[in-house]
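Participant: Structure provided below as structure tokens; questions to follow.
The values are calculated or read from the model by the stated rules, or taken from the named source; none is laboratory data. Please read all numbers here as calculations on a predicted model, not as lab measurements. Every residue, glycine as well, gets a Cβ built from its backbone with ideal geometry; the counts of neighbours run over all protein chains shown. Keep in mind that these areas ignore ligands, DNA and RNA; they rest on the heavy atoms of the full protein, side chains included. Shrake-Rupley method; radii C 1.70, N 1.55, O 1.52, S 1.80 Å.
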Amino acid sequence: MLSNEDILRLRTDFPILEEKIYGKPLIYFDNGATTQKPVQVLSKIEYAYKHLNANIHRGVHYLSQKATEAHEEARSTVADFLGAAQREEVIFTRGTTEAINLVAFSYGEAFCTEGDEIVVSVLEHHSNIVPWQMLCERKGLVLRVIPMNERGELDLEAYASLLNGRTRLVSVAHVSNVLGTVNPVGEMIRMAHDKGIKVLIDGAQAVPHIPVDVQQLDADFYVFSAHKIYGPTGIGILYGKQELLNAMPPCQGGGEMIDKVSFEKTTYNVLPFKFEAGTPDYIGSTALAEALRYVSAIGLDAIAGYEQALTEYATEQLMQIDRMRIIGTAREKSAVLSFLVGDIHPYDLGMLLDKMGIAVRTGHHCAQPLIDSLHIPGTVRASFSFYNTRDEVDLFIKALQRIVPMLS
Ligand code: PLP
């Protein structure tokens, strides 16, 4: 378990936490949207540009080889972090969104025909809905939706009944970005595999908070974004089982993804390069690897334990506020706390919290179907990191106690 001293020491790694917002100390509770970056990651970016910058792959010169080594080492770091069997199963993308779009296009081309079905859940981020809708439109597929109960837990009986001979893929979030629900993805993968159905897990909100092992889960695809796990923006990961990725066509053409090009016929490169057209973000990949080393050194079990306790504390304190309604009360929850107070609009709460230096997110959180199903205008969402403290939660509660009567 991380002690208070550990947390205070770790906070000093994050320069932005020293910022003042309208003259008040920043309280950053918007970690679900993006996390702040430790000096280790910032220094790595600067180091890479100062000492390792040359376009990678195919370069005969020293710098190009060094940059290539760093990029490919980063791939191995990601593979180890996820527990992948092969480093070639790790594809660099621009983020979770691009990774899901890649699978929707390429898996869709290889394995889906008219009348087939794709299963998602009601609590998905738009990134895990719209690419499938586009595939459905393109190829005449049907999108099926797993419902949830009033706590925000997926209905596994309904899920079982959705799996049939036409189901080609299940694509679900590991952790909901709105409700914080940790879905039982291991069990859901087993249920799908029993019927020969492949599964993609959207790990955007999971990897920063809980240890993930793709082989233990037996996930067919697992995706996440670097910027949500203390790494840089603009880079993310698609993990896919080798035999599946091998069977899928590339979805972008260009440099590096080819074997031989002629005007008559072009052949494609092997994994992972087949899916990485163009100059990759080799600075981003080295910085992502540094971020993964950083969280691994703290320990994801320790992070999970600390954040769990902080979220429970924040939940108890929030419940003291009159007319408080927590949205999402799943038994398995991660470090996300969505709420509404009476009929105060979430935007108004968010605006006034901001004036007190407290950064929360308000609105539909890119999950409009979920928000619509709850018949609410949106939520205020506080999402925590290990660098958040009980003192910050106390200040947040005090701020709400001042704001709520003003808006009521
Ligand atoms: N999936 C989930 C569950 C998310 O929370 C997010 C971002 O908030 C995404 C996907 C999209 O991530 P990105 O915008 O980094 O591609």
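Participant: Tally up the residues in region 59-93 that are exposed (fewer than 15 other Cβ atoms within 10 Å of the Cβ) and outside any helix (DSSP H, G or I), please.
Facilitator: Of the residues in that region, 5 qualify.
Participant: OK, next. All but one of (1) within 16 Å of the ligand (Cβ to nearest atom); (2) in contact (Cβ under 8 Å) with a residue 12 or more places away in the chain; (3) open to solvent by 40 Å² or more (accessible area, probe 1.4 Å) hold for Thr181, so report the exception by its number.
Facilitator: Exception for Thr181: condition (3).
Participant: Then there's this: Checking Ile16 against (1) free of Cβ contacts under 8 Å to residues at least 24 places away in the same chain; (2) farther than 23 Å from Arg381 by Cβ, only one condition comes out false. Which one?
Facilitator: All conditions pass for Ile16, except number (2).
Participant: If you scan region 254-272, which residues turn out to be without any contact (Cβ under 8 Å) to a residue 60 or more places away in the chain, open to solvent by less than 70 Å² (accessible area, probe 1.4 Å) and not hydroxyl-bearing (Ser, Thr, Tyr)?
Facilitator: Listed by number, the residues that qualify are Gly254, Gly255, Met257, Ile258, Asn269.
Participant: Go through region 161-178 and report how many residues are open to solvent by 40 Å² or more (accessible area, probe 1.4 Å) and of a type outside the set (Ser, Thr, Tyr).
Facilitator: Selection size over region 161-178: 4.
Participant: If you don't mind, there's one more thing I want to ask. How many residues are assigned to a helix (DSSP H, G or I) and either surrounded by fewer than 13 Cβ atoms within 10 Å (Cβ to Cβ) or not aromatic (Phe, Trp, Tyr) (or both) if we restrict to region 297-343?
Facilitator: The qualifying residues number 19.
Participant: Yes or no: Arg87 of a type in the set (Lys, Arg), touching a residue at least 12 places away in the same chain (Cβ under 8 Å), away from the ligand (no atom under 13 Å from the Cβ) and closer than 24 Å to Ala247 by Cα?
Facilitator: It is true that Arg87 is of a type in the set (Lys, Arg), touching a residue at least 12 places away in the same chain (Cβ under 8 Å), away from the ligand (no atom under 13 Å from the Cβ) and closer than 24 Å to Ala247 by Cα.
Residue-by-condition table, conditions (1) of a type outside the set (Ser, Thr, Tyr); (2) farther than 14 Å from Phe29 by Cα; (3) in contact (Cβ under 8 Å) with a residue 60 or more places away in the chain:
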| residue | (1), (2), (3) |
| --- | --- |
| Pro346 | yes, yes, no |
| Leu353 | yes, no, no |
| Ala359 | yes, no, yes |
| Leu370 | yes, yes, yes |
| His375 | yes, yes, no |
| Gly378 | yes, yes, no |
| Ala382 | yes, no, yes |
| Phe386 | yes, no, yes |
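Participant: So which residues in region 350-408 are in a loop (DSSP other than H, G, I, E, B) and more than 20 Å from Thr329 (Cα to Cα)?
Facilitator: Of everything in region 350-408, those that are in a loop (DSSP other than H, G, I, E, B) and more than 20 Å from Thr329 (Cα to Cα) turn out to be Met356, Gly357, Phe386, Tyr387, Asn388, Thr389, Ser408.
Participant: Here is a follow-up. Restricting attention to region 198-245, report how many residues are away from the ligand (no atom under 15 Å from the Cβ) and among the β-branched types (Val, Ile, Thr).
Facilitator: Residues that pass the stated criteria total 2.
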